[in-house]
1. Name the most mobile residue of B:Val22, B:Val61, B:Val83, meaning the one with the largest mean-square fluctuation, in a Gaussian network model of chain B with Cα contacts below 10 Å.
2. Could you compute the net charge surrounding B:Glu39? Neighbours are other residues with a C-beta less than 14 Å from the C-beta of B:Glu39; K and R count +1, D and E count -1.
3. What percent does the relative contact order of chain B come to when contacts are Cα pairs within less than 8 Å and at least six residues apart?
4. If you find the alpha carbon centre of region A:74-91 and of region A:175-194, how far apart are they in angstrom?
5. Among A:Ala208, A:Ala287, A:Ala331, which one shows the biggest mean-square fluctuation in a GNM of chain A, springs joining Cα atoms closer than 10 Å?
6. Within region A:88-184, report the chymotrypsin sites (Phe, Trp or Tyr not before Pro) that DSSP leaves as loop and that have at most 12 other Cβ atoms within 10 Å.
7. For region B:55-98, what % of the accessible area comes from carbon and sulfur atoms, probe 1.4 Å?
8. Any idea what log10 I(q)/I(0) is at q = 0.20 Å⁻¹ for region A:220-297, Debye with uniform C-alpha scatterers and no solvent?
Amino acid sequence: MSKALLPPIGMLAELTHRCPLQCPYCSNPLELLKANLELDTRTWLHLFSQAADLGVLQVHLSGGEPTLRRDLEQLIAGLSARGVYTNLITAGVGIAEGRIEAFAEAGLDHLQLSFQGARPATTDRIGNHWGSHEKKLETARRARAAGLSLTINAPVHRHNIEEVPEFIDLALSLGAERLEIANVQYAGWALANRSLLMPDRAAVDRQADIVAAAQEQLAGIMTIDFVTPDYFAIYPKPCMGGWARDAFMVAPDGTVLPCHAAQTIPSLRFERFGDRSLAEIWTDSPAFNAFRGTEWMREPCRSCERREVDWGGCRCQALAIVGDAAATDPACIKSTAHTRMAALVDETRRSKTAGDDAFIYRRIGRDFDGSYNPRR
Amino acid sequence: MTAPRERAIVSLRSAPSLPRHVRIQYDPVRLAFAVLAPEKVFWPNDISLDILRRCDGQSTVERIIADLAADYDADPQDVADDVIAFLQEWSDKLLVKL
Ligand code: SF4
Ligand code: SF4
């Protein structure tokens, strides 16, 4: 490595893989962990305390559905005692009476609530959970009443991309400070369902115009963050801000990972918290060092002026599409595989007639052999 | 599009505060003050930090300007321009409440 190793700023804690919803784009791995493999309260608290020592300033409490952990209040309180900023990422379904208030009391800094659709029918169908939209509205109201700030998160794909203006209205009507329009990233379950989720180019262009106009119009009223879709891009995103650069994530069983999909890279071995300390894993783990910085890069990244802007993009996307985790992210126009991204968009357009029921809904213990047919 | 809320504009009488989702935190690892917000961490310079620290919901913008001009021994008009521009920008990003 060419530069001194910096401490991590952010951490995504996937407290559980359990979830009442079954979104077909879920970023969790296809092989979901059952409850008996989850770290216990003490271990999470211990991990959080090491994370704070290491320099982590923000923890995103996620899942699955993190509120299914009965000790969530305790975990928030533990982080808050160390001054760590806590962001709860929830689907907002089935949260028991009084708990949101308890989260706020424990020191929760911010709540991010996902909506699968802006219309009840869309939300219920995408999450495969009848009545979930209504419950989410109620969660938003309770969060506001508890004094919490709110981000509405809208994962966007072919089946709800036309609802973007309605998402904006919905977030405004719920009093959200922030709306995240996040085009689905094709990893995890989203990759398995890619051909059913990929929007077409015209819809993506319309969406970009709508969002840009709303961002301008709503300055000082609501912040809109826009996660653009990779398959329509010229340059890749700096995945996680760069591999093992300023953030990492922890799976429910304590496996420490550079990103969501890192486990799809078969050449890497990941370590578990408990076997080694967080500091040791962050500094020494071969998997963390594999793609850290710029030393690992080949051309065209190696001599590219953007190499410290996007860090060569997403390793998992390189693996999924190019078949080589050390290749340039195919989202980049300089990648020899860039045209394959466009080809995949066009291919999915042709298979547009498939019905919604063809979704592979996310499910624990689903008999899924891990191989997928992108054309279905 | 319905816009039930309105964009706030800084005036000398506004009493800015930090909203619930924005927090100033000393970082003992990097030996610096960080401003923590959803999905964002800012590393403000000394002057920005001095402005944000005074956003207590009590002090008016006028007062903040006078205090800073005294502390930095600077021309109040210059300070006023900087403070107002800074607060408007942060308010537009929903990071300061006016
Ligand atoms: S994306 Fe959907 S299924 Fe996956 S954790 Fe979030 S709410 Fe649950
Ligand atoms: S060549 Fe590599 S570093 Fe340059 S823009 Fe593309 S992905 Fe980024």
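1. Evaluated over chain B, the most mobile residue of the options is B:Val22.
2. Computed value for this residue: 0.
3. 37 percent
4. Cα centroid of region A:74-91 versus Cα centroid of region A:175-194: 23 Å apart.
5. Between A:Ala208, A:Ala287, A:Ala331, it is A:Ala208 that shows the largest mean-square fluctuation.
6. Loop-located and lightly packed - A:Trp130.
7. Carbon with sulfur: 46 percent of the solvent-accessible area.
8. Log10 of I(q)/I(0), two decimals: -0.92.
The values are calculated or read from the model by the stated rules, or taken from the named source; none is laboratory data. Since the model is a prediction, treat every value here as computed from it, not as a measurement. A quick note on method: Cβ atoms are made from the backbone with ideal geometry, for glycine too, and the neighbour counts reach across all protein chains shown. For accessibility, only protein heavy atoms count, side chains too; no ligands or nucleic acids. Shrake-Rupley method; radii C 1.70, N 1.55, O 1.52, S 1.80 Å.
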